[in-house]
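The next block holds one structure in the form of structure tokens; read it before the comments.
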Amino acid sequence: MFGKKNENDVTADGQGSHAASSADLEARGAAVPGSSGAVGVPPGPATSAMGVVARHDDLGGEPVLAFRDVDVKFATEFGEVHAVKGVTFDVKPGEVVALVGESGSGKSVTSATAMGLLPGNADVTGSVQLAGRDVLTMTPGQLRGIRGDEVAMVFQEPMTALNPVLTVGDQLTEALELHGIAYGTEADKRAVELLTMVGIPDAATRLKQYPHQFSGGQRQRIVIAMAISCSPKVIIADEPTTALDVTVQAEILELLRSLKNKMNTGILLITHNMGVVADMADRVCVMLHGELVEQGSVHQVLQHARHPYTQKLLSAVPRLGEPLEVAEPEPVTATQTQARYAIEAENLHLEYDHRGKKNRVVHDVSFQVAPGEILGLVGESGSGKSTIAKSVLGLLTIAEGSLRIQGHDLATMPKAEQRALRKNIGVVFQDPAASLDPRFPIGDIITEPMVVHKVGDRRSRLARAEELLDAVRLPRSVVNRYPHELSGGQRQRISIARALTLDPQVLIADEPTSALDVSVQAAVLDMFAELQQRYEFACLFVSHDLAVVDMLAHKVLVLKDGRQVEQGPTEEVLHRPKEEYTRRLLAAAPVPDPDQQAERRQERREFLASLGEGVY
């Protein structure tokens, strides 16, 4: 995460980057080699109450990070790419500035200039001032000196940001030692303090563990601990909660808010989630095609947006209580047969077999999905949502109970008959780029199920592909193109078209829009609702986004640790929840209005306090 300093690197004042005196280090609360360390010294005015991070009150009202007419172009074999066009904005101490926009808008390229992390083919003009020093004119050695020390990054995916073969303790102390903050046992003590500060319990023991031994939320807390370890003036948080569950997201945002207040650190928050913006930001900068099209206070931009693009982004955000028009399925009466249900699970138990050791992950779950009905499966990671979806596809052996697809019990059905039954089941995966074969043209991808199940000839398959392209609102001309030539939203439309190729009675949609930008997501959801009405398939819709489920689903099943918590019509479960866990999920979901979100944040704090739980 941090570049290693060379003792001979020269800073702007002509001194070596490790030339800080013992007095300087001790003033920051650091341990110095050969000294008694500063852990036992009471924190001075520049340190927090814990003495492990410094508070930046010496910067006045001047920006800690200032972009001035920043322009970035990349030279490629296909020509010049103009990624950022004359961007100007500031981040002040203790301020959160959200940089928002869709994929390709230039957000991450802009932030990378502040760390000096752009590749060699980048041509950068303008200036990026970090506490008064221009990052763009720094030498490689000087850049290594500021990374982690003055500006730090919190990445989107913590598992790839952490080294899997080093313990968490080694990774934390590495940053402290490289920047001359603390060494040896004193560095270990400070690492324990840092983990405790970000809410990792039993920190001294867990310091010796590896990243894979922590949950996703805990890994992101560790990345944040690394980011604050050297008390940077600025933290760049690049989609810090995108890979997290809604409750974990709320905890991480509370943690960042708390640390920002303790340290008076400026935060540049890069996100496409308007709810996160409303929850965290003081000011908002909106980017489109490399340009800054709007900036202002969070209230001004989110409540009184001026630019059409900002208005479009905000109108596309799904909100709890605003359902799409989805056809109501015909009710199933008690006198009708069980086969009237497209999917029916009764006391379902599922388990994985790993080297002969059985691990039960779903316990006693029951539900029904009628033809034309959408059942939303919601819950945090590890709750069993995707496992249940796999079982409906016949990819997991049923341990106990029954699972019927169109009246056929998968628990007793021979494997050969299960394979034939899969012809009636379509599936849409989370990541369209990974689920489409890059070697196949779009026409072959859509008609692959027809080839597998020996349906039709070449002419009829092409006709079906063109029919489905019309259905998913794509031009027929894409039939001969390849996945890499399409956008993310277009690829997901192709995934949906492929799932509908054989006119299935059951569709499994596993987080089908979570990898998409908000405006693309809105278009795909609108199309999905239209297709569901036209083809009347029963659908298991797996999602952690409660607003999306509220828009689409007729019924909701809430899962936690493989057990069902609450089930019923969407209106009841998501608007009048009976169970504490459901209320906890709903309380953690951010809304894209700063005033409403402030109220919800306070309500969540009071709710958690009533349960005897605190927040940062």
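The values are calculated or read from the model by the stated rules, or taken from the named source; none is laboratory data. Small disclaimer: the values here were computed from a predicted structure and weren't measured. In this analysis, Cβ positions are derived from the backbone assuming ideal geometry, glycine residues included, and neighbour counts consider all displayed protein chains.
On the basis of being in contact with a helix residue (DSSP H, G or I) (Cβ under 7 Å, 6 or more places away or on another chain) and of a type in the set (S, T, N, Q), does Thr241 make the cut?
Working: in contact with a helix residue (DSSP H, G or I) (Cβ under 7 Å, 6 or more places away or on another chain): yes; of a type in the set (S, T, N, Q): yes.
For Thr241, the condition - in contact with a helix residue (DSSP H, G or I) (Cβ under 7 Å, 6 or more places away or on another chain) and of a type in the set (S, T, N, Q) - is met.
Looking at region 269-314 only, could you name the residues that are small (Gly, Ala, Ser), free of Cβ contacts under 8 Å to residues at least 40 places away in the same chain and not in a loop (DSSP other than H, G, I, E, B)? Outline the logic, then answer.
Applying the first criterion (small (Gly, Ala, Ser)) to region 269-314 yields 275, 278, 281, 290, 296-297, 305.
Filter once more, so that each one left must be free of Cβ contacts under 8 Å to residues at least 40 places away in the same chain: 296-297, 305.
If the condition is that a residue be small (Gly, Ala, Ser), free of Cβ contacts under 8 Å to residues at least 40 places away in the same chain and not in a loop (DSSP other than H, G, I, E, B), then Gly296, Ser297 are the ones that fit.
Which members of region 261-311 meet the condition of being among the basic types (Lys, Arg) and at pLDDT 95 or above?
Taking region 261-311 first, the residues among the basic types (Lys, Arg) are 262, 283, 306.
Within region 261-311, Arg283, Arg306 qualify.
From (1) over 31 Å from the mean Cα position of the chain (by Cα); (2) touching a residue at least 24 places away in the same chain (Cβ under 8 Å); (3) outside any loop (DSSP other than H, G, I, E, B); (4) within 20 Å of Leu507 (Cα to Cα), pick out the condition that doesn't hold for Val455.
Against the list (1) over 31 Å from the mean Cα position of the chain (by Cα); (2) touching a residue at least 24 places away in the same chain (Cβ under 8 Å); (3) outside any loop (DSSP other than H, G, I, E, B); (4) within 20 Å of Leu507 (Cα to Cα), Val455 comes up short only on (3).
Cβ contacts < 9 Å: first residue farther than 25 Å from Asn424 by Cα and outside the structural domain of Leu486 (by the TED database), restricted to region 502-521; second residue part of a loop (DSSP other than H, G, I, E, B) and β-branched (Val, Ile, Thr), any location; separation 6+ or different chain. Result?
Correct list of pairs: empty, since none qualify.
Filter region 571-583 down to the residues that are surrounded by 21 or more Cβ atoms within 10 Å (Cβ to Cβ) and either more than 24 Å from the chain's Cα centre (by Cα) or among the basic types (Lys, Arg) (or both) and list them by number.
Matches in region 571-583: Val573 only.
Can you say whether Thr242 is surrounded by fewer than 22 Cβ atoms within 10 Å (Cβ to Cβ), of a type outside the set (A, V, I, L, M, F, W, C), closer than 20 Å to Phe155 by Cα and not assigned by the TED database to the domain that holds Asp431, as far as the supplied structure shows? Lay out the reasoning, then the answer.
Working: surrounded by fewer than 22 Cβ atoms within 10 Å (Cβ to Cβ): yes; of a type outside the set (A, V, I, L, M, F, W, C): yes; closer than 20 Å to Phe155 by Cα: yes; not assigned by the TED database to the domain that holds Asp431: yes.
Answer is yes for this residue.
Within region 251-267, which residues are closer than 16 Å to Val64 by Cα, buried (at least 21 other Cβ atoms within 10 Å of the Cβ) and out of contact with any His (no Cβ under 8 Å at 6 or more places or on another chain)?
Gly266, Ile267
Of everything in region 405-428 that's crowded, with 20+ Cβ neighbours inside 10 Å and touching a residue at least 60 places away in the same chain (Cβ under 8 Å), which residue is farthest from Ala243 (Cα to Cα)?
Only one residue fits best here, namely Ile405.
Right, Gly443: in the same structural domain as Gly488 (by the TED database) and outside any helix (DSSP H, G or I) or not? So that I can check it myself, show each step before the final result.
Details: in the same structural domain as Gly488 (by the TED database): yes; outside any helix (DSSP H, G or I): no.
The answer is no for Gly443.
Give region 274-312 a look and list any residue that's closer than 16 Å to Phe67 by Cβ and of a type in the set (Val, Ile, Thr), or say none.
Correct list: Val284, Val286, Val293.
Could you pull out the residue among Thr137, Thr125, Thr110 that is surrounded by fewer than 19 Cβ atoms within 10 Å (Cβ to Cβ), closer than 24 Å to Met287 by Cβ and among the polar types (S, T, N, Q)? Spell out how you get there, then give the answer.
Working: Thr137 fails: closer than 24 Å to Met287 by Cβ; Thr110 fails: surrounded by fewer than 19 Cβ atoms within 10 Å (Cβ to Cβ).
Step by step, each of Thr137, Thr125, Thr110 is checked, and only Thr125 is surrounded by fewer than 19 Cβ atoms within 10 Å (Cβ to Cβ), closer than 24 Å to Met287 by Cβ and among the polar types (S, T, N, Q).
Looking at (1) surrounded by fewer than 22 Cβ atoms within 10 Å (Cβ to Cβ); (2) under 25 Å from Pro438 (Cα atoms), which is the one condition that is false for Gln567?
Gln567 satisfies every listed condition except (2).
Within region 424-459, can you find the residues that are modelled with pLDDT under 90 and of a type outside the set (Phe, Trp, Tyr)? Give the derivation first.
Just the residues of region 424-459 that are modelled with pLDDT under 90, to begin with: 429-435.
Once the filter is applied, which keeps residues that are modelled with pLDDT under 90 and of a type outside the set (Phe, Trp, Tyr), region 424-459 yields Gln430, Asp431, Pro432, Ala433, Ala434, Ser435.
Please count how many residues of region 584-593 are touching a strand residue (DSSP E or B) at 6+ places or on another chain (Cβ under 9 Å) and either charged (D, E, K, R) or surrounded by fewer than 23 Cβ atoms within 10 Å (Cβ to Cβ) (or both). Give the derivation first.
We begin by selecting, within region 584-593, every residue touching a strand residue (DSSP E or B) at 6+ places or on another chain (Cβ under 9 Å); these are 585.
Right, trim to either charged (D, E, K, R) or surrounded by fewer than 23 Cβ atoms within 10 Å (Cβ to Cβ) (or both) and you get none.
Summing the residues that are touching a strand residue (DSSP E or B) at 6+ places or on another chain (Cβ under 9 Å) and either charged (D, E, K, R) or surrounded by fewer than 23 Cβ atoms within 10 Å (Cβ to Cβ) (or both) in region 584-593 gives 0.
Hey, can you tell me all the residues within region 93-135 that are in contact with a Gly (Cβ under 6 Å, 6 or more places away or on another chain) and charged (D, E, K, R)?
Glu95, Lys107
Hey, can you tell me all the residues within region 141-185 that are part of a helix (DSSP H, G or I), of a type in the set (Val, Ile, Thr) and at pLDDT 90 or above? Steps first, please.
To start, the set of residues in region 141-185 that are part of a helix (DSSP H, G or I) comprises 141-146, 158-161, 168-178, 184-185.
Within this subset, residues satisfying the condition of being of a type in the set (Val, Ile, Thr) are 146, 160, 168, 173, 185.
Passing the criteria: Ile146, Val168, Thr173, Thr185.
Quick one: would you say Met226 is part of a helix (DSSP H, G or I), modelled with pLDDT of 90 or more, more than 27 Å from Ala598 (Cα to Cα) and assigned by the TED database to the domain that holds Thr110? Let's see the steps before the verdict.
Numbers: part of a helix (DSSP H, G or I): yes; modelled with pLDDT of 90 or more: yes; more than 27 Å from Ala598 (Cα to Cα): yes; assigned by the TED database to the domain that holds Thr110: yes.
Here the answer is yes, as Met226 does meet what is asked.
Please work out which residue is surrounded by the most Cβ atoms within 10 Å (Cβ to Cβ), limiting yourself to region 379-404 and to residues that are hydrophobic (A, V, I, L, M, F, W, C) and more than 17 Å from Val428 (Cβ to Cβ). It would help to see each step written out before you state the result.
Residues of region 379-404 hydrophobic (A, V, I, L, M, F, W, C): 388-389, 392-393, 395-396, 398-399, 403.
Within this subset, residues satisfying the condition of being more than 17 Å from Val428 (Cβ to Cβ) are 396, 398-399, 403.
Numbers: Leu396: 20, Ile398: 20, Ala399: 18, Leu403: 22.
Top of the filtered list is Leu403.
Kindly check whether there is at least one residue in region 199-207 that is farther than 15 Å from Thr167 by Cα and crowded, with 18+ Cβ neighbours inside 10 Å.
yes
Of the conditions (1) part of a helix (DSSP H, G or I); (2) of a type outside the set (A, V, I, L, M, F, W, C); (3) under 31 Å from the mean Cα position of the chain (by Cα), Pro438 fails just one. Which one is it?
(1)
Given the conditions (1) modelled with pLDDT of 95 or more; (2) surrounded by 17 or more Cβ atoms within 10 Å (Cβ to Cβ), which single one is not true for Thr88?
Unmet for Thr88, out of (1) modelled with pLDDT of 95 or more; (2) surrounded by 17 or more Cβ atoms within 10 Å (Cβ to Cβ): (2).
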